[in-house]
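I have placed the structure first, in the form of structure tokens, so that the comments after it can refer back to it.
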Amino acid sequence: MNKKTYTVLFTIISTIFNIIMTLGIIVALMILVAFVYFKVLNAGEQASSALLVAWAICFFGGLIVSMMLFGKICGWVIEKFHLASKLDPKVLGRYLPNGTKGAVPADEPKRPKTNIPKSPVAVDDEWARDIESGNSQQGHAPEEGKDDDGDD
């Protein structure tokens with residue numbers, strides 16, 4: 001199996017885990033709110049709209065808590081089971097704090113550096129020679145009585 005296969009498999013399993021974990025957190029928060037509402041506060045049936053608002057807050061709070069936990073858990077799983085070298089670096093950047101930390105791309109060949117040659121046209125212009133040598137004086141004002149075009 002290659003990195004692409006491992007990455008797809010990891011993504012499918014982690015997505016299923018994320019859905020189950022999110023539903024679990026939301027249901028647990030709703031049960032906790034219902035317990036506090038009915039047993040601790042003894043609210044009964046008179047203020048059911050407050051319970052619905054609290055459940056909506058539980059739903060969105062559960063989504064946020066689940067997103068934070070999912071990132072931490074995936075990072076822990078990648079480090080615990082040494083999956084950094086088996087997964088695509090783009091996926092690692094999402095879950096690990098340093099992106100590809102721990103990844104060993106030994107099976108990927110290094111790309112050769114592209115060498116771009118200088119222009120084959122001979123340079124006879126003083127301005128172009130200054131640019132190539134790094135001695136350009138950009139932004140300078142022409143001297144008094146002289147034009148930049150060279151014909152006085």
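The values are calculated or read from the model by the stated rules, or taken from the named source; none is laboratory data. All values derive from a computational prediction rather than experimental measurement. Quick reminder, even Gly has a Cβ in these numbers, built from the backbone with ideal geometry, and neighbours come from all protein chains shown. In case anyone asks, the SASA skips ligands and DNA or RNA and just uses the protein heavy atoms, side chains included. Shrake-Rupley method; radii C 1.70, N 1.55, O 1.52, S 1.80 Å.
Worth a mention:
- Meets criteria (assigned to a helix (DSSP H, G or I) and open to solvent by 70 Å² or more (accessible area, probe 1.4 Å)) for residue 53: yes
- When restricted to residues that are open to solvent by 90 Å² or more (accessible area, probe 1.4 Å), farther than 20 Å from residue 70 by Cα and assigned to a helix (DSSP H, G or I), region 1-14 contains 1.
- For region 32-46, the count of residues that are surrounded by 13 or more Cβ atoms within 10 Å (Cβ to Cβ) and in contact (Cβ under 8 Å) with a residue 24 or more places away in the chain is at least one.
- Residue identified as in a helix (DSSP H, G or I) and under 31 Å from the mean Cα position of the chain (by Cα) among 35, 17: 17
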